[in-house]
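One structure is given below, encoded as structure tokens.
Just so it is clear, none of the values below were taken in a lab; they were calculated from the coordinates. As the structure is a computational prediction, the values presented were derived from the model and not from experiment. In this analysis, Cβ positions are derived from the backbone assuming ideal geometry, glycine residues included, and neighbour counts consider all displayed protein chains.
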């Protein structure tokens, strides 16, 4: 059987990711957008349009989601003759609430629709899953451990979205550097296997690694978690910050009972200071089950491969005339919230009445992002966005609007 000839574009070894230049050049687009632009230019037809991005439904049992990816959208569209407004990054939204409005000649942004949606859909899904895990964990730390589950080319995007969604730390070095934080992690099973013993590996970690890094021993490699926890506690004493249980599903059984047993034995011997951390097969539902005994979590696949928010971009005005496809409400719209009672509503952009039935005033949530292709405001830091998310998480009421 003949070996297929390599594609000229991939004849040299390379990672299968689009370059930033290819994305900004509109090369990562569905081909029908390219053909549409070709037709419009050949026919001399181009219109000034208004498009809006919404989702008609949220995944799973989500009642809200977190908007993420706005900074990359700004980078994608910067320099093009467009006006863009959107919810601030990190804003909570519901189905049918517009999150971004884009205005300009259609051919100016048609080639970017595919990438624009991709930037928002995936990052928002990850940020929302992280926020749900953060909510479930309460005061307990949540770390993003999912870099290994996805393509390394998008690791910084994944962990940025996880961080702004509420994770306290990320594991990948490059992601942490871009966020301006210190990477978080304990030790792998490989270190213990190579060292030949859990205590040997833990003592080596304690001797070699910067004392500023918390001493957290992995205790499920060879023996029962309870006995390994006691061994490392006796070996390190007060220097041991915590132990991590990454027990595989084939050995896990009742994880809460395992944690409670480890806690009992440690406390009985005076090791109340040792924290219990859990990782492996976790999501917001598992976290809620383990809260009675766990002190913190490392969440991987559930966050990094979170289901996307299924945004769509639809035209709602052409040359100032409201028009939309079937199943879509025409006309430019805006999402508003009453700061007094937190009631939310979507109204036509030209809506004049701003008085809420409660007596408060409605305010637009959408703010300008680009004007004629230029940024109109500084983009917030990941830390500021994360704090904004946490503030909303503490105040959000699913039925705030009557």
Let me have the relative contact order for the chain, percent, based on Cα pairs under 8 Å that are six or more residues apart.
22 percent
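Give me 158, 39, 181, 258 sorted ascending by neighbouring Cβ count inside 10 Å, so fewest comes first.
Numbers: 158 27, 39 11, 181 15, 258 22.
Taking fewest neighbouring Cβ atoms as first place, the list is 39, 181, 258, 158.
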Cα-projected label distance for residue 78 with residue 321, points at 7 Å along beta-carbon direction, nm:
3.7 nm
Segment 309-378-segment 34-103 distance, computed between alpha-carbon centres (Å)
12 Å
What residue among 222, 93, 109 has the largest mean-square fluctuation in a Gaussian network model of the chain, using Cα springs under 10 Å?
222
Taking the 0 to 90 degree range and rounding to the nearest ten, how far is the long axis of helix 225-236 tilted relative to the main principal axis of the chain, both from C-alpha atoms?
80 degrees
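Which of 286, 325, 129 comes first, and how do the rest follow, when ranked by fewest Cβ neighbours within 10 Å?
325, 286, 129
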With the Cα gyration tensor of segment 38-88 giving a ≥ b ≥ c as the square roots of its eigenvalues, does the rule (a/c under 1.5 for rounded; else a/b larger than b/c for prolate; else oblate) give rounded, prolate or oblate?
prolate
Hey, any idea what Rg/Rh is for segment 185-279, computing Rh the Kirkwood way over Cα pairs?
0.93
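Show me the ranking of peptides 274-280, 63-69 by mean Cβ neighbours inside 10 Å, starting with the highest.
Numbers: 274-280: 22.3, 63-69: 24.3.
Going by the mean number of other Cβ atoms within 10 Å, highest first, we get 63-69, 274-280.
If a/c stays under 1.5 just call it rounded; otherwise compare a/b with b/c (prolate if a/b is bigger, oblate if not). Do that for segment 1-133, with a ≥ b ≥ c from the square roots of the Cα gyration tensor eigenvalues. Let's see the in-between values first.
Numbers: a/c = 2.20, a/b = 1.22, b/c = 1.80.
The shape class here is oblate.
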Hey, what did segment 185-279 get for relative contact order, percent, Cα under 8 Å, at least 6 apart?
28 percent
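Cβ neighbours within 10 Å, averaged per peptide: list 165-175, 46-56 in order, most packed at the top. Before the final figure, lay out the partial values.
Working: 165-175: 22.3, 46-56: 19.5.
Highest-to-lowest ranking by the protection proxy: 165-175, 46-56.
Going by average Cβ density within 10 Å per residue, which order do the peptides 386-396, 207-217 take, highest to lowest? All intermediate terms of the calculation are to be shown ahead of the outcome.
Values: 386-396: 15.9, 207-217: 13.5.
The packing order, highest mean first, is 386-396, 207-217.
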Which angle between 0 and 90 degrees, to the nearest 10, do you get for helix 155-164 versus the longest principal axis of the chain when only C-alpha atoms count?
90 degrees
Alpha carbon centre of segment 240-259 versus segment 166-197: separation in Å?
19 Å
Using only Cα atoms, find the angle between the long axis of helix 382-395 and the longest principal axis of the chain, and express it within 0 to 90 degrees, rounded to the nearest 10.
90 degrees
Among DSSP beta bridges lying fully in the chain, give the percent that are antiparallel, nearest 5.
70 percent
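Rounded to the nearest 500 deg cm²/dmol, what is the calculated helix-only ellipticity per residue at 222 nm for the chain, with -39500 (n - 2.57) per DSSP H run of length n ≥ 4? Mind showing how you got there, number by number?
On the way: 15 runs with 145 residues, N = 402.
Helices in the chain give a 222 nm mean residue ellipticity of -10500 deg cm²/dmol.
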